[in-house]
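Notes follow the structure.
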Amino acid sequence: MIGVTENLALIKDLLALSASEAEREPAAVKLLAVSKKQPLSKILAAHDAGQRDFGENFVQEGLEKIAATKGKNLIWHFIGHLQNNKTRVVAENFDWVHTIDSAKTARRLSEQRPAELGPLNICVQVNVDDEDSKSGISPDALPDLAAAVAELRNLALRGLMCLPAARVGFEAQRQAFAELGKMAESLRDDGIDTDTLSMGMSGDYKAAIFEGATIVRIGTALFGERL
Ligand SMILES: *Cc1c(COP(=O)(O)O)cnc(C)c1O
């Protein structure tokens, strides 16, 4: 258990430092603690130390952790691949979904979101490298999907997310993130305004912050190796 509190403080310092180096406000970069395959005890330790936003990739695992922390005011982000037969429980239990890459999935989430919870926050995942193996919509198809999501009543389109192929070196990492930033700008030119770029993980958060990340998703650097 040693470490989560210390790691959290250290990571927050590093994020703030990267933000200042990038001449951005440290408060503009939110830490999403990626707790997939981490024990509940570490989530509780991070929460005790002030962390509120947590990310999970697997529906069942996420639901168990949400149930176990009910009443503690954690904010839950779904960041894994979402199958259409799992949309209902996600719509009913999570606060954010970062991985929307089809209009059908988005429509199901909107229909299934209980109105009293308020809109579900959505990021559209873009396959910036056009890799066959990766989830995410191709950049060409992004404008239509973003427009479709923006119309859905129980969803709030917050922005874009990417999970680029691993790159070596700061400049190469920046390039992929810069592309996502440009896509958000071009959506803005089309009248679709968003406030979120979900990008950067343990190994490349600094490059993401330099390119405008507002949410960085950090797992192993905070919690250690996954089980
Ligand atoms: C697992 C995961 C992360 C966290 O990765 P780390 O390298 O452990 O920081 C971030 N984003 C997504 C989508 C993930 O699946």
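Nothing in this text is a laboratory measurement; each read-out follows from the coordinates by a stated rule. All figures in this text were calculated on a predicted structure; none of them were measured in a lab. Methodologically, a virtual Cβ is constructed for each residue, glycine included, from the backbone with ideal geometry; neighbour enumeration extends over all protein chains shown.
Observations, loosely collected:
- Test result for LYS104, under 24 Å from ILE218 (Cβ atoms), more than 16 Å from the ligand (Cβ to nearest atom) and surrounded by fewer than 22 Cβ atoms within 10 Å (Cβ to Cβ): no
- Failed item in (1) more than 16 Å from GLY200 (Cα to Cα); (2) away from the ligand (no atom under 12 Å from the Cβ); (3) touching a residue at least 24 places away in the same chain (Cβ under 8 Å), with ALA22 passing the rest: (1)
- Set ALA150, ALA91, ALA156: member being in contact with a strand residue (DSSP E or B) (Cβ under 7 Å, 6 or more places away or on another chain), closer than 24 Å to GLY200 by Cβ and not charged (D, E, K, R): ALA156
- Consider segment 170-227 and keep the residues that are in a loop (DSSP other than H, G, I, E, B) and among the β-branched types (Val, Ile, Thr). The one that is farthest from the ligand (Cβ to nearest atom) is ILE192.
- Out of LYS65, LYS36, LYS72, sole residue that is over 17 Å from the mean Cα position of the chain (by Cα) and either among the acidic types (Asp, Glu) or within 16 Å of the ligand (Cβ to nearest atom) (or both): LYS65
- Segment 15-33, residues that are of a type outside the set (Gly, Ala, Ser) and over 19 Å from the mean Cα position of the chain (by Cα): LEU17, GLU21, GLU23, ARG24, GLU25
- Top-ranked residue of segment 36-95 - restricted to ones that are under 23 Å from SER133 (Cβ atoms) and aromatic (Phe, Trp, Tyr), ranked as surrounded by the fewest Cβ atoms within 10 Å (Cβ to Cβ): PHE58
- Options ARG153, ARG188: the member that is under 26 Å from LEU117 (Cβ atoms) and surrounded by fewer than 18 Cβ atoms within 10 Å (Cβ to Cβ): ARG153
- The selection criterion, being of a type in the set (Ser, Thr, Tyr) and assigned to a loop (DSSP other than H, G, I, E, B), does not hold for SER110.
- Number of the condition not met by ARG167 [criteria: (1) outside any strand (DSSP E or B); (2) more than 16 Å from the ligand (Cβ to nearest atom)]: (2)
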